[in-house]
Amino acid sequence: MTLLKKLEIFLILLFATISCNNSENKTLINGFYEENEKGISYKLPNDTSIIIKVNNKPIINFNDFESVIFDKDPINNSSIIFIKLDKIASDVLLKASERNINKRLPLIFDNEILIAPVIKSKIYNGLLQITGIDDKTSKKLIENLKQQNIKVEVKKNLFDVFDKYLENAK
């Protein structure tokens, strides 16, 4: 085989490898995404054998957050995050939750899935709760949200947070 032929084969293989990798490693905006069988593949953080494919655009991004409160779970010491969406995002979430019953709604942050809960019913009020996030990720998330001028509050008493959100939901 000639040197020119070897170079041609090498370049074809290199191009094919780069093309395949770029399609699956696209950087996405931080936010909540709908599943899509033809979408971009992501592995679940706690079970890498599960692949979730998502749309290339979020249904809700961090700019749709009206406020975010971080607290600590007194039982397992992990973060609890309460998110209040603005009115438009609340309506979007209601419609998305209705059409995605028994499907996942992944939250992507820094191009990785943080959580991917299964939607069991319509989400009416635009209030979300995320649990099980480690401290390192919570700190990165807080910094990111503050940089986007989103109202962020860090609490220490779980019951204060729960009571405040119940008042806001009325």
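The values are calculated or read from the model by the stated rules, or taken from the named source; none is laboratory data. This is a predicted model, so every value here is computed, not measured. Counting neighbours? That spans all protein chains shown, and the Cβs are built from the backbone with ideal geometry, glycine included. Side chains are part of the model used for accessible areas, which takes the heavy atoms of the whole protein and leaves out ligands, DNA and RNA. Shrake-Rupley method; radii C 1.70, N 1.55, O 1.52, S 1.80 Å.
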Quiz prompt | Single condition Gly39 does not satisfy, out of (1) free of Cβ contacts under 8 Å to residues at least 40 places away in the same chain; (2) closer than 19 Å to Lys146 by Cβ | solution = (2)
Quiz item: Counting just the residues of region 86-133 that are in contact with a Phe, Trp or Tyr (Cβ under 7 Å, 6 or more places away or on another chain), in a strand (DSSP E or B) and closer than 19 Å to Ser67 by Cα, which one comes out most open to solvent (accessible area, probe 1.4 Å)?
Solution: Gln129
Quiz prompt | Among residues of region 40-69, those that are surrounded by 17 or more Cβ atoms within 10 Å (Cβ to Cβ) and over 15 Å from the mean Cα position of the chain (by Cα), counted | solution = 2
Quiz item: Out of all the residues in region 71-87, is one or more under 23 Å from Val152 (Cα atoms) and under 12 Å from the mean Cα position of the chain (by Cα)?
Solution: no
Quiz item: How many residues does region 104-147 contain that are within 14 Å of the chain's Cα centre (by Cα) and hydroxyl-bearing (Ser, Thr, Tyr)?
Solution: 3
Quiz item: What's the number of the condition Ile80 fails, among (1) open to solvent by 30 Å² or more (accessible area, probe 1.4 Å); (2) in a strand (DSSP E or B); (3) at pLDDT below 95?
Solution: (1)
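Quick one: would you say Asn30 is closer than 23 Å to Gly126 by Cα, out of contact with any His (no Cβ under 9 Å at 6 or more places or on another chain), open to solvent by 90 Å² or more (accessible area, probe 1.4 Å) and at pLDDT 90 or above?
no
Can you find a residue in region 8-27 that is open to solvent by less than 40 Å² (accessible area, probe 1.4 Å) and at pLDDT below 90?
no
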Quiz item: Among (1) over 21 Å from Ile29 (Cβ atoms); (2) outside any helix (DSSP H, G or I); (3) open to solvent by 30 Å² or more (accessible area, probe 1.4 Å), which single condition is Lys136 missing?
Solution: (2)
